[in-house]
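Okay, so here's the structure we're looking at.
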Amino acid sequence: MEHVAQLILIAVGAALINNFVLKYFVGICPFLGVSRRLDTAFGMGCAVTFVISVAAALSWTCTYFILRPGAPLTAWVWSLVSPGSDAVVDLSILNYIVYIFVIASSVQLVEMYVRKFFPSLYKSFGVFLPLITTNCAILFACLEIMKHVSGAGPAEMWGLDKALILAFFGGVGFTIAIVIMAGIREELDACDVPAPLRGAGITLIVAGILALAFMGFTGVDKSLADLLR
Amino acid sequence: MPNDGPTPLERFINGILPENPVYRLLLGMCPTLAVTSGMKPAMTMAAAVAFVLICANLITSLIRNLLKPHLRILVFTLTIATFVTIADRFLQAYAWPMSKVLGPYVPLIIVNCIIICRCEVCASKQSPPAALADAIGQSIGFALALATIASVREILGDGTWMGLPLIWQGSEQYKWVLMLLPPGAFITLGLLLGAANWIGSALGGRAKAGRSAE
């Protein structure tokens with residue numbers, strides 16, 4: 001029960017309390033660019049959630065088994081190369097390069113999957129699907145997982161379940177934010193916005209008010225932790 | 001090889017104000033919002049981005065004839081990731097408190113749209129001098145944008161500038177703490193973008209570039 005409580009806390013934290021867009025400012029580019037219509041916004045949210053989960057799973061596997069100090073596979077290869085040595089091999093300098101490789105491959109994978117099974121959706125996405133590679137949110141999820149895996153002792157090490165929950169619900173939080181923003185922008189189309197603020201200016205101000213609203217979730221994790229205990 | 005496209009001097013001048021990466025091209029919003037709660041983190045981030053942009057532009061321009069078209073974005077990103085690793089380790093070694101303040105936003109320079117966009121638009125098509133001038137111009141423009149936003153947020157939110165106390169020291173209740181939090185970042189950037197567009201259109205017709213996001 002304790003483990004499930006931790007998973008619920010991570011999920012609620014990633015989606016609402018520490019919302020990726022409105023608190024950590026990652027994923028702003030699609031948030032500003034794709035949030036004009038509700039259906040494209042929801043589609044983008046789902047695509048980002050899918051890619052974030054795939055990329056997080058792959059990057060957790062690479063970090064846990066190869067990159068972190070004392071990783072199993074690297075230690076085994078090192079023991080073959082120089083047996084009897086008790087040096088701890090630490091490949092974590094390659095972290096960022098491996099993560100960006102993993103993200104590019106995940107986006108390729110998802111693109112092939114969507115093109116095969118949802119061809120109409122693929123057509124409507126156009127150029128935005130490959131652009132998810134430069135989405136800060138995905139690399140940010142990988143970095144958050146790296147914080148809890150690389151250099152963490154066995155007690156606070158994050159398994160694949162916590163990593164996937166963080167990534168998936170981070171994507172869900174991104175989807176919530178972008179869908180709310182799309183709904184508001186559709187209403188804004190009928191308003192008389194001053195000329196200098198049209199486009200990105202008014203969107204950022206609305207995002208600021210949204211961030212203010214989401215600040216109301218602070219402290220929910222403490223109360224939730226007390227409730228689940 | 002003939003150098004088609006803007007000259008190095010034009011690239012340099014364009015990067016500062018006419019094609020300012022934040023106010024005109026609307027790129028690199030993530031670090032702009034995240035690290036501008038104070039002038040010191042903002043300037044450190046500007047220095048890191050300048051280092052990565054200059055090095056990545058130079059390398060990309062030197063290998064521009066060897067790039068396969070469908071793999072070029074991956075090659076740009078791997079080059080940028082290498083230099084970001086160098087910058088991140090350097091900051092962790094020599095400026096540990098500042099590295100903690102900047103947190104995950106230094107590795108996020110890898111997916112910063114400014115650098116990938118400049119590699120794609122300029123460095124992969126022009127010779128090293130033009131790419132270098134473009135990188136320096138864009139870095140100065142980015143630093144200018146960060147400085148304006150960070151000054152507003154720090155002075156209103158904390159009464160200091162670069163850590164030096166200016167106003168409202170002793171009367172803490174006038175500090176607008178919201179400016180240091182995420183909503184303040186969004187609202188400041190939105191209003192400053194509006195101001196930049198208004199100044200641009202008042203100076204004549206440049207607001208067209210700023211409206212390309214519509």
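Rule-based calculations on the coordinates, nothing more; no lab input. None of these values were measured; they are calculated from a predicted model. Glycine also receives a Cβ, built like all others from the backbone with ideal geometry; neighbour counts cover every protein chain displayed.
FRET efficiency for the pair B:THR7 and B:ILE199, taken as 1/(1 + (r/R0)^6) with r the Cβ-Cβ distance and R0 = 25 Å, rounds to 0.40. Since only A:ALA5, A:VAL81, A:PHE50 are under comparison, the one whose Cα sits farthest along the positive direction of the charge dipole of the range A:1-116, derived from C-beta charges on Lys, Arg, Asp and Glu, is A:PHE50.
For the range A:63-171, applying the loop criterion from DSSP together with a ceiling of 15 other beta carbons within 10 Å to the GluC sites (Glu not before Pro) yields A:GLU156.
Convex hull over the Cα atoms of the range A:1-64, averaged projected area in nm²?
Projected area, direction-averaged: 5.7 nm².
In the protein assembly as shown, one over the average inverse separation of all distinct C-alpha pairs is 23.0 Å, which is the Kirkwood hydrodynamic radius.
Suppose every K and R has +1 on its Cβ and every D and E has -1 on its Cβ; what is the size of the dipole of the protein assembly as shown about the Cα centre, in Debye to the nearest 20?
Numbers: 28 positive and 24 negative charges, 146 e Å.
Dipole magnitude for the protein assembly as shown comes out near 700 debye.
Percent of C-alpha pairs per 10 Å bin in the range B:105-177, short distances first: 18, 31, 23, 18, 9, 2. Fewest neighbouring Cβ atoms within 10 Å first, the residues B:ASP134, A:ASP221, A:ASP86 line up as A:ASP86, A:ASP221, B:ASP134. When you restrict to C-alpha pairs under 8 Å that are six or more residues apart and normalise by the size of chain B, the relative contact order lands at 34 percent.
Only helices enter this figure: runs of n ≥ 4 DSSP H residues, each worth -39500 (n - 2.57), summed and divided by the residues of chain B, yield -20000 deg cm²/dmol at 222 nm to the nearest 500. The fraction of all Cα pairs in chain B landing in successive 10 Å bins from 0 to the largest distance is 9, 31, 34, 20, 6, 1, 0, given as whole percents. With a Förster radius of 56 Å applied to the beta-carbon distance between A:THR218 and A:GLN108, the computed FRET efficiency rounds to 0.90. As a proxy for reagent exposure, ranking B:HIS70, A:HIS3 by other Cβ atoms within 10 Å from fewest up yields B:HIS70, A:HIS3. Each Lys and Arg Cβ is given +1 and each Asp and Glu Cβ -1; about its Cα centre, the range A:92-189 then shows a dipole of about 320 debye. Since only B:THR79, B:PRO21, B:PHE51 are under comparison, the one whose Cα sits farthest along the positive direction of the charge dipole of the range B:1-159, derived from C-beta charges on Lys, Arg, Asp and Glu, is B:THR79.
Once C-alpha pairs closer than 8 Å and six or more residues apart are averaged by separation and normalised to the residue number of chain A, the relative contact order reads 41 percent.
Legend: mean number of C-beta atoms from other chains within 10 angstrom of residue C-beta atoms, peptide B:97-106, equals 2.
Proximity of backbone amide H atoms, modeled 1.01 Å from N, is registered between B:TRP161 and B:LEU166 at under 5 Å, excluding neighbours fewer than 5 places apart on the same chain. Rounded to the nearest 20, the size of the Cβ-charge dipole of the range B:1-123 about its Cα centre is 200 debye, with Lys and Arg at +1 and Asp and Glu at -1. When only alpha carbons are used to place a centre, the range A:112-149 and the range B:146-171 end up 38 Å from one another. Pairs of C-alpha atoms in the range A:154-229 farther apart than 22 Å represent 47 percent of all such pairs. Restricting the calculation to alpha carbons of the range A:28-178 gives Rg and Dmax of 17.7, 62 angstrom. Assuming R0 = 30 Å, can you tell me the calculated FRET efficiency for the pair A:GLN6 and B:MET162, based on Cβ-Cβ distance, to the nearest 0.05? Once rounded, the FRET efficiency stands at 0.15. Residue by residue along B:21-31, Cβ atoms of other protein chains within 10 Å of the local Cβ number 3 on average.
Taking the Cβ of B:ARG153 as the centre, find all other residues whose Cβ is under 13 Å away and add up their charges (Lys, Arg: +1; Asp, Glu: -1). With Lys, Arg at +1 and Asp, Glu at -1, the neighbours total 0. Along the axis of the charge dipole computed for the protein assembly as shown (Cβ charges of +1 for Lys and Arg, -1 for Asp and Glu, origin at the Cα centre), the listed residues A:ILE165, A:LEU228, B:ILE110 are led at the positive end by B:ILE110.
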